[in-house]
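Reading through the structure tokens given below for one structure.
The values are calculated or read from the model by the stated rules, or taken from the named source; none is laboratory data. Just so it is clear, the structure is predicted and the values come from calculations on it, not from any experiment. Every residue, glycine among them, receives a Cβ derived from its backbone with ideal geometry; neighbour counts consider all protein chains shown.
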Amino acid sequence: MKIAFVIYDGITLLDFAGVFDPLTRLKTMGFLDTLQWDLCARTSAVRSTEGVVLTPDRVDKNLAEYDFVIVPGGDGIKGLMQDKAFLRWISVASDTTTVAALCGGSLLLGAAGMLRTKRATTHPALAVFLKNFACEVVPDRIVDEGNVITAGGVTAGIDLGLYLCGKIAGEEVREKIQQQMDYRNYTVR
């Protein structure tokens, strides 16, 4: 099992960390020893909106080799929505890859054409923009459309991470990770 966490200049740190933390616990807590993950970017260093510098493990590599590709949001989406090379890069062509986005990352999937026939969600303040790209915009915390999953605003990253833990390793494992994180607010409609 391989997960790509897409990072870029202007990423919101909590968007990234919220989904990263529960998913990596699949390995660190001993539930999925074969789990591998990479921070993937198109540049050799990334600065979050908050000023934190992240160093990717892989630069401009094909994302189709991953089972899951996670696309967080952040102020950086404004320019990336016009960046055709970036949009092609995240438009994973593999039938075996699930792409999950949260907050403004859903707009990136939309700009890449991945939501035309899909229901989707995003941060409530961005829903009006997502309507330009998705078949239907819903206010749900998480929307699972098979190989494309979207999640709401910033803190929905934690819910998305836990949801994906359940998809990957089952609900019992998800519950143990949630309990270890002392996260009581996990809900999916």
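Contact annotation: residue pairs with Cβ atoms under 7 Å, 6 or more positions apart or on different chains, pairing a residue in region 128-144 that is closer than 12 Å to THR117 by Cα and buried (at least 17 other Cβ atoms within 10 Å of the Cβ) with a partner that is modelled with pLDDT of 95 or more and β-branched (Val, Ile, Thr), are VAL137/THR121.
The requirement of being among the aromatic types (Phe, Trp, Tyr), surrounded by 17 or more Cβ atoms within 10 Å (Cβ to Cβ) and either within 20 Å of LYS27 (Cβ to Cβ) or within 15 Å of the chain's Cα centre (by Cα) (or both) is fulfilled somewhere in region 158-168, by at least one residue.
As a summary of the residue check, ASN62 satisfies the conditions (1) out of contact with any strand residue (DSSP E or B) (no Cβ under 8 Å at 6 or more places or on another chain); (2) crowded, with 24+ Cβ neighbours inside 10 Å; (3) not hydrophobic (A, V, I, L, M, F, W, C) except for the one numbered (2). Applying the condition of being among the polar types (S, T, N, Q), surrounded by 14 or more Cβ atoms within 10 Å (Cβ to Cβ) and closer than 19 Å to ASP38 by Cβ to region 65-108 and asking which residue is nearest to the chain's Cα centre (by Cα) yields THR98.
If you go through region 32-59 one residue at a time, how many are among the basic types (Lys, Arg) and either loosely packed, with under 15 Cβ neighbours inside 10 Å or closer than 16 Å to LYS2 by Cα (or both)? Counting residues in region 32-59 that are among the basic types (Lys, Arg) and either loosely packed, with under 15 Cβ neighbours inside 10 Å or closer than 16 Å to LYS2 by Cα (or both) gives 1. Residue pairs whose Cβ atoms lie under 6 Å apart, sitting 6 or more positions apart in sequence or on different chains, and linking a residue in region 32-50 that is closer than 15 Å to VAL19 by Cα to a partner that is among the acidic types (Asp, Glu) and surrounded by fewer than 16 Cβ atoms within 10 Å (Cβ to Cβ), are ASP38/ASP57; LEU39/ASP57.
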